[in-house]
């Protein structure tokens, strides 16, 4: 909370026309809205909950502000502020294609608009829009929602979801599930033969298993139908579309079949190369590689889902199989399969939408557990061949660059300090690694938060990330609207966060009128983003 | 037999008029052309408050007196009355002498007569007043006049706190505390006495002082120092009210829509809860927008439209525009949260004309007017939001052009923020109600974690609600334990957790507060076996039982050598060493008292080791033998609180509360705002017990008296914005109450202001502290309200340490938010929680809403409160 800055000084920032403008921009505003918590902000003396870590954070924030403002003065043209979006509820459209709790969403949209949020993100589910039969689309619910968003005057980012979700329960299309009953090999499978039924295996991308069509064709037609149905919104209300790349829409293998339980240290996960088609690709690849014995199965010495890296040989810190030629062979193949799959879908999407002014993006997960080990085992099982000795993300970023797509990166709210020590996790470092790859290749990034219920100190972390990486992160989507989002415990914090990002205009009482001559709202906004 | 003059005054309430008009309320569609009008008669029950006034007055001369009984509520009032003669034994009534009976009196059996009240000639400001005057002479042998008031129309009887009204004409009726106009100030214990509703009559004041009392009478007769008095007793009568609703339907020629005009004469806010039905079904459907103004969607099942008030008159109306394609308009009326009106058990229903039936004579003027209504309400959300955004923009341009108007910008900021918060609150309430499992989980978790339940004798679990299980009369039946036993389940179902039973020991006074042999538990309330039975019964229904133990004093059984009663009998046969030395009446040989003396009996010297050890043994025996869970400690002012700690440590009660009752501070007869010294004395006593016992919050009771009676609600906040009683300083040890067997009941030493009891309960039952409800209140006409408040307290898990934020304490209104969950308000003034307050308070909007309503119900000021009701209803019931 850099709020202490407000109370203590009128820090000057390196712009002549804004001298004497206080940082923070909140002034008298807060007491009305932020009940008790605001009091903490005003006096450093009153009950900081945890003393030392927050003080450090405060200092850090002040320093970085100073740094950035220096940078800004050096730059000729200030970059645009980060746009802020908020995700709509996952089940905003019900499975019978009506808008769920429309009234709440309407109220929510208006609140967001008043707050100065730029837009909202809407998940569009394969299992809802193409629920009954292939090619039989029903966009009515989504169209109604898009209309609501348009009316309020917000922008809309569409996430095309080719996966299923369990909470809330939104399955794959019925007809796909039926096919899966008879042909379970369309799903990913782990070593024990357990299927992951929430999305199709990337191995079937080009196999005509869906009533004679390949999944890629089906996805393509889905995108085409979407495009024609939403033509009137594209480029005006709809400014961005992301295409689902795998489990939870992310480019990865489902190396965990079950969602993590809170605050439990996760094991390393398992490789998901055991469905019939994956195995046959592996076999072909091994034969082509000249070592057919390597293609008979996946690594036999990999740990199971919940085991730690050193509990078996493959991803062991020192002398593990991952550092052997076989390990390199397998991991290269495994990760390349994922990258090729991502490339197929991104190119599909970008060619579909290349004639409309919307930005296409895809989501890359932030697999940060065990990042501090040498083998990065969780990333390996998820399909990222990223170890102490190999950068696994250059290749991933490359497909985004090649298809002129943006990358969506979650985990902007996670900070290293709040990860359990034993997990050897580092979301910050991983984020920095991916973002620097994006910088190098000129790929823009949309940030997201990972934790729906608010990571500890999450807003601080988000702000830091937007600040540090403001060259490539140009949009942030906060996940997600719902009961918790609007609860008195959460919403005031969010409001405060938003105001710092987007609404310097509202700041007035701290502004001496004769000294603020030429502040236009645009400049204010830009400046604010640089400081915030 | 009532005279005609009485019956003719019944307003429109007579039965014949109440019958619904016989007319077809529905006819086949085709019979209706463009215009139809229906009229429905509505009956509803309304509670009306009024007064019974009793006046005793001497008329022409000193011998001749007049008793007037009046009532200001409409009704067919009949006085059912009888007398006691001077030498009567027992309390049976007799018929009054013939010369005393007013005309129109009818004898009832052989002990009473009934006389109708007449409409008074003195009509005050249009208010009806019924009155009966009974003339009598003091020469007769009448000791008292007893009566009850009966409303022949409804068959209801009105008594005084469950007993007959009694007007004593001679002085020696002291054994019966129920008499009216009794002189105050005879209390055994010192304490402040307030003049309640009794006022001296003007006519009497006009007499030279002393004349009333100095009547010289024959020595053979008992002295009659009859004093005139005037008292009012509030009563609540349920009155059947006739209203009607009329609906006219017609077809708009231009739009082919059905126009429905609903009009009613029901006063206050009336909500039409409505929907539309298609030809074939019973299912309610919600039509497309637009809706009339003030319409909300209720749970996606129905619409609720608040009728617009008619100008200058009672009632309201609204215009509904309905699309084609529906066959019926169905509705019920909602008067308040609990009152719905329907048509003889079914929904009202209005057939709508189909498109084929076109109106013959279009009426342009009306349809034009209607257009306007339609356009007025069509403000799209976007337009609205845009409006506010424009405000922001203009605000910004104001700033940038250097003409910043601080106040203006602040206002618009606030309005934007309020709007945002309102929207967020709205979204929140819907989202959370639409995912019940999620929200419930969250709630249960957070609540289970929060209050650590640790039991201590000063607080019990912290969630206790006491019921005082007796009043000053309870000993009279001789079998109170068995009577109360029958109510055990009821007491439990209301939500009480602890019951306080009367003192169990054999006692010189029948009420039990003058104990003799402590081990003899056969009292006027029942014998020891019955006592065990009732304790067992309460335990079965999950209620803890407090024994009322009198430790301060004890009545001796024998005289000492000087003929002074100070030698005790029974199992604890102490001698005069057990009696404090500083009360000359009892010549004790113990040490000086460690507290104040109670002068009616020997005070026990607790500094004596043998006394303490005997008392500890006795308390432990009570715990074990009888099963008592804790203690109500009588007159603890009489000795040092440290001894109490000793007794509590030994007997390990679940809960203990002491009665530390002394006078509040007054300056020139007016209660001081600051009662810190008073509460400090109570706090000090609790402190002396090391917090092992709570204490009755006498301070709060006293302040409530002034605040409610004199409309000085500002008293309810101390200088630091906290509650001004003990509950503001040490809430967990404060046992709040508004009445007990001494202050109220038939003793009335310090009675709570009449008619304000429910406000008092709204205060103590929503506030921190451990509330105690008096038997008479819990089981007489306040029962349902108290029960609602108790269950509210339990549902919201308000406990003795709950937080409280006083949001308003002004002349005529007091409001507070407790535990950020419950908003309460008392007093006639206006208060409604701000959006922010509402939003911030609770996880349970519906509960909170009900809470507010139930409190508002106690204080009906229709116009304002119904508007709150609707505002909050709109906030809560958006689903």
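Here are a few things to note about the model shown:
- Only listed residue being touching a residue at least 60 places away in the same chain (Cβ under 8 Å) and over 24 Å from residue A:224 (Cβ atoms), chosen from A:115, A:109, A:160: A:115
- Candidates in region B:471-501 are the residues that are in contact with a helix residue (DSSP H, G or I) (Cβ under 6 Å, 6 or more places away or on another chain) and in a loop (DSSP other than H, G, I, E, B); of these, the one that is surrounded by the most Cβ atoms within 10 Å (Cβ to Cβ) is B:471.
- Exactly one residue out of A:255, A:242, A:236, A:232 is crowded, with 17+ Cβ neighbours inside 10 Å and assigned to a loop (DSSP other than H, G, I, E, B), and it is A:255.
- With respect to being at positive phi and at pLDDT 85 or above, residue A:475 falls outside the description.
- In this structure, residue A:269 does not qualify as assigned to a strand (DSSP E or B) and buried (at least 23 other Cβ atoms within 10 Å of the Cβ).
- Some residue of region A:507-528 being more than 9 Å from chain B (Cβ to nearest Cβ), in a helix (DSSP H, G or I), buried (at least 21 other Cβ atoms within 10 Å of the Cβ) and modelled with pLDDT of 50 or more: no
- Residues of region B:657-679 classified as surrounded by fewer than 19 Cβ atoms within 10 Å (Cβ to Cβ) and free of Cβ contacts under 8 Å to residues at least 40 places away in the same chain, total: 7
- Test for residue A:157: is it in a loop (DSSP other than H, G, I, E, B), more than 14 Å from chain B (Cβ to nearest Cβ), buried (at least 18 other Cβ atoms within 10 Å of the Cβ) and in contact with a strand residue (DSSP E or B) (Cβ under 7 Å, 6 or more places away or on another chain): no
- Exclusive hit being at pLDDT below 85, within 11 Å of chain B (Cβ to nearest Cβ) and not in a helix (DSSP H, G or I), set A:488, A:492, A:456: A:488
- Checking each residue of region B:138-147 against the condition of being over 28 Å from residue B:782 (Cβ atoms), at pLDDT below 80 and in contact with a helix residue (DSSP H, G or I) (Cβ under 9 Å, 6 or more places away or on another chain) gives at least one match.
- Counting only strands (runs of 3 or more DSSP E) that sit completely within region B:746-844, those holding 2 or more residues that are modelled with pLDDT of 85 or more, closer than 30 Å to residue B:658 by Cα and touching a strand residue (DSSP E or B) at 6+ places or on another chain (Cβ under 8 Å) correspond to B:770-774, B:804-810, B:813-818.
- Failed item in (1) touching a strand residue (DSSP E or B) at 6+ places or on another chain (Cβ under 9 Å); (2) at pLDDT 95 or above, with residue A:323 passing the rest: (2)
- Of the residues making up region B:333-347, those that are under 13 Å from residue B:41 (Cα atoms) and touching a strand residue (DSSP E or B) at 6+ places or on another chain (Cβ under 7 Å) are B:333, B:341, B:342, B:343.
- Residue A:118 satisfies every condition listed in (1) closer than 20 Å to residue B:300 by Cβ; (2) within 14 Å of another protein chain (Cβ to nearest Cβ) except (1).
- Selected residue (only one of A:90, A:112, A:145 is at the interface with chain B (Cβ under 10 Å from one of its Cβ atoms), in contact with a strand residue (DSSP E or B) (Cβ under 6 Å, 6 or more places away or on another chain) and either buried (at least 21 other Cβ atoms within 10 Å of the Cβ) or at pLDDT 95 or above (or both)): A:112
- Hey, residue A:437 assigned to a helix (DSSP H, G or I), in contact (Cβ under 8 Å) with a residue 40 or more places away in the chain, in contact with a helix residue (DSSP H, G or I) (Cβ under 7 Å, 6 or more places away or on another chain) and surrounded by fewer than 19 Cβ atoms within 10 Å (Cβ to Cβ) or not: no
One line per residue, one yes/no per condition, for (1) touching a strand residue (DSSP E or B) at 6+ places or on another chain (Cβ under 6 Å); (2) free of Cβ contacts under 8 Å to residues at least 40 places away in the same chain; (3) crowded, with 19+ Cβ neighbours inside 10 Å:
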| position | (1), (2), (3) |
| --- | --- |
| B:271 | yes, no, yes |
| B:274 | yes, no, yes |
| B:282 | no, yes, no |
| B:290 | no, no, no |
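- Hey, residue B:654 crowded, with 19+ Cβ neighbours inside 10 Å, without any contact (Cβ under 8 Å) to a residue 60 or more places away in the chain and closer than 24 Å to residue B:466 by Cβ or not: no
- For residue B:267, the conditions (1) outside any loop (DSSP other than H, G, I, E, B); (2) at pLDDT 50 or above are fulfilled apart from (1).
The values are calculated or read from the model by the stated rules, or taken from the named source; none is laboratory data. Since the structure is predicted, the reported quantities are computational estimates derived from the model, not experimental observations. Note that each Cβ is placed from the backbone with ideal geometry, even for glycine, and that neighbours are counted across all protein chains shown.
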